[in-house]
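K.L.:
One structure, as structure tokens, below. Some questions next.
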Amino acid sequence: MKYKMIDLFAGCGGLEDGFLQSGKYEDIAAVEWLQPQINTLVNRLEKKWHIADAKERVMCFDIQREEELFLGWNIESAAPKSEILPSGKKSRYKTGPYGNGKGLDYYVNKANGIDIIIGGPPCQAYSVAGRVKDGNGMKDDYRNYLFEHYLSVVNRYKPKAFIFENVPGLLSAIPDGTPIIDLIRKGFGSIGYEIVDDIKKYAKINASDYGVPQHRERLIILGLRKDNTKNSRELLHDFYSKILPKYKVKHKKTVGEAIGDLPAAYPLIDKPSPSGRISYSKPDCKTTWHIARRHSIRDIEIYRLLAADIESGCNEYTNSKALSDLYEERVGAKSPIHRYHVLRKDEPSTTIISHLDRDGNRFIHFDPKQGRCITPREAARIQSFDDDFDFIGNQSDVYIMIGNAVPPVLAKCIAMAVSEVLEKL
């Protein structure tokens, strides 16, 4: 028997894909409101997991509209349209058209209950980098409190367990004077769930320890329904100290191992576009999205210089000051932080982020001859997506959904470990 799950804030489905790969779970429903991510998740569920009604059980809907989410909505009123965010700004995406309007209650009742809820609210409001960049430290960002809607879904369907994933910055987020993590602990406690007592000590893990070719620290918060076990605290400690660590790898996968076999893409210097940006050769590749974005001649020269510096062993540009000085010299502007980073071939990557949709200066390919940032497929491989995982959308959409995803290989390890806990319950 497989455990029945709901995926909230599903994105393109990285977390869900790992759970399905484990063979221990079945998809009952998923909720996401960004259309490219929805299109991608539905495509994956249909083609890889042969879920014929994926267009219905994957709901393109705003989780903040709880009553409609639970009880159903008029599908005509949910036709694709730009949503106005609680901040007053208009979303760049449109919601719809997936979901048949029946609501989560329909699918949960049809499945005769739920065993586990997985997911994690958008991390931008909790990100330390995001708070530094925002003039008000993200205190006014409505995403600070989206966890409350996750909590509402858990409270309504009372699963045996839940997995709440987010960035370590969650531990220091205090938008209204009370630490968000305290609000989360109190909220789940009030509806009968327990999470581990020391989140920083137990719940912060690095994806590279679990076979992902990337240093990516995340909080993996397991919650257990207290009336379902007499020893929830002990079981939570066992999960983090004994069960999950069993799935760690002995060898950390490197960038070279992850993307080194993909065919090269070289700049076509003699064929600039009307804008002056340089296109790249299109490799003969069996998988999708291994297409290099265009760069300026200036950026290509910088990328080649930095990659060659590391390949040769000179390491003249491997400290922050040298990189900042190079940026000022070549770009003609100062920057408080260095803006360049070459991925090391023999090490795991730095954290893949959604900012890749804007520029790739911090994700430069290690091969100086190619002089470029990584392609979406290379980013996907570093995030541990299978090559047959296709992404639906434009290049910017794809970089964003890859950067925001939970690495499926990590998700599978979590899924296997959680299944051991569910067996004990």
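K.L.:
If we scan the range 248-266, do we find a residue that is at pLDDT 95 or above, in a helix (DSSP H, G or I), touching a Phe, Trp or Tyr at 6+ places or on another chain (Cβ under 7 Å) and aliphatic (A, V, I, L, M)?
P.N.:
Checking the range 248-266: at least one residue is at pLDDT 95 or above, in a helix (DSSP H, G or I), touching a Phe, Trp or Tyr at 6+ places or on another chain (Cβ under 7 Å) and aliphatic (A, V, I, L, M).
K.L.:
Moving on to the next point. Being of a type outside the set (K, R), out of contact with any helix residue (DSSP H, G or I) (no Cβ under 8 Å at 6 or more places or on another chain) and under 27 Å from R185 (Cα atoms) is the filter here, so list the residues in the range 239-271 that pass it.
P.N.:
Within the range 239-271, the first condition is being of a type outside the set (K, R), and the residues that meet it are 239-241, 243-245, 247, 249, 251, 254-270.
Narrowing the set further to residues that are out of contact with any helix residue (DSSP H, G or I) (no Cβ under 8 Å at 6 or more places or on another chain) leaves 245, 251, 254, 256-257, 260-261, 263-266, 268, 270.
Matches in the range 239-271: P245 only.
K.L.:
Output the residue which, of all residues in the range 202-225 that are under 30 Å from R156 (Cα atoms) and of a type in the set (K, R), is surrounded by the most Cβ atoms within 10 Å (Cβ to Cβ).
P.N.:
For the range 202-225, the residue satisfying everything is R218.
Yes/no matrix, rows are residues, columns are (1) more than 14 Å from G403 (Cβ to Cβ); (2) free of Cβ contacts under 8 Å to residues at least 12 places away in the same chain; (3) touching a strand residue (DSSP E or B) at 6+ places or on another chain (Cβ under 9 Å); (4) among the basic types (K, R):
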| residue | (1), (2), (3), (4) |
| --- | --- |
| S312 | yes, yes, no, no |
| K334 | yes, yes, no, yes |
| F363 | no, no, yes, no |
| F366 | yes, no, yes, no |
| I374 | no, no, yes, no |
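K.L.:
Please give the helices (runs of 4 or more DSSP H) falling wholly within the range 276-391 in which 1 or more residues are more than 28 Å from the chain's Cα centre (by Cα) and among the β-branched types (V, I, T).
P.N.:
Passing ranges, in order: 297-312, 320-331.
K.L.:
Write out, first by first residue and then by second, each pair whose Cβ atoms fall under 6 Å of each other, whose residues are 6+ apart or on separate chains, and whose first residue, in the range 174-190, is under 14 Å from H149 (Cα atoms) while the second is aromatic (F, W, Y) and crowded, with 19+ Cβ neighbours inside 10 Å.
P.N.:
I184/F147
K.L.:
Show me the strands (runs of 3 or more DSSP E) found entirely inside the range 158-239 where at least 1 residues are at pLDDT below 95 and within 19 Å of M5 (Cβ to Cβ). Write out each step before concluding.
P.N.:
Working: elements: 161-166, 204-206, 217-225.
The qualifying strands (runs of 3 or more DSSP E) are 161-166.
K.L.:
Let me ask you something else. So is V249 of a type in the set (A, V, I, L, M) and touching a Ser or Thr at 6+ places or on another chain (Cβ under 6 Å) or not?
P.N.:
Judged against the criteria, V249 is not a match.
K.L.:
Looking only at the range 272-310, count how many residues are touching a helix residue (DSSP H, G or I) at 6+ places or on another chain (Cβ under 9 Å), aliphatic (A, V, I, L, M) and farther than 16 Å from T375 by Cα.
P.N.:
Here the count works out to 3.
K.L.:
Tell me, which residue of the range 32-53 that is under 24 Å from S152 (Cβ atoms) and aliphatic (A, V, I, L, M) is surrounded by the most Cβ atoms within 10 Å (Cβ to Cβ)?
P.N.:
I38
K.L.:
Inside the range 1-105, counting only strands (runs of 3 or more DSSP E) that do not spill past its ends, which hold 1 or more residues that are at pLDDT below 95? Quick ask: steps written out before the conclusion?
P.N.:
On the way: elements: 3-8, 25-32, 58-60, 81-84, 90-95.
In the range 1-105, the matching strands (runs of 3 or more DSSP E) lie at 25-32, 58-60, 81-84, 90-95.
K.L.:
Which of the following residues is among the small types (G, A, S), more than 30 Å from Y210 (Cα to Cα), surrounded by fewer than 20 Cβ atoms within 10 Å (Cβ to Cβ) and at pLDDT below 95: S354, S275, S320?
P.N.:
Going through S354, S275, S320 in turn, just one is among the small types (G, A, S), more than 30 Å from Y210 (Cα to Cα), surrounded by fewer than 20 Cβ atoms within 10 Å (Cβ to Cβ) and at pLDDT below 95: S275.
The values are calculated or read from the model by the stated rules, or taken from the named source; none is laboratory data. Quick caveat: nothing in here was measured; it's all calculated off a predicted structure. With ideal geometry, Cβ positions are generated from the backbone for all residues, glycine too; neighbour counts draw on all protein chains shown.
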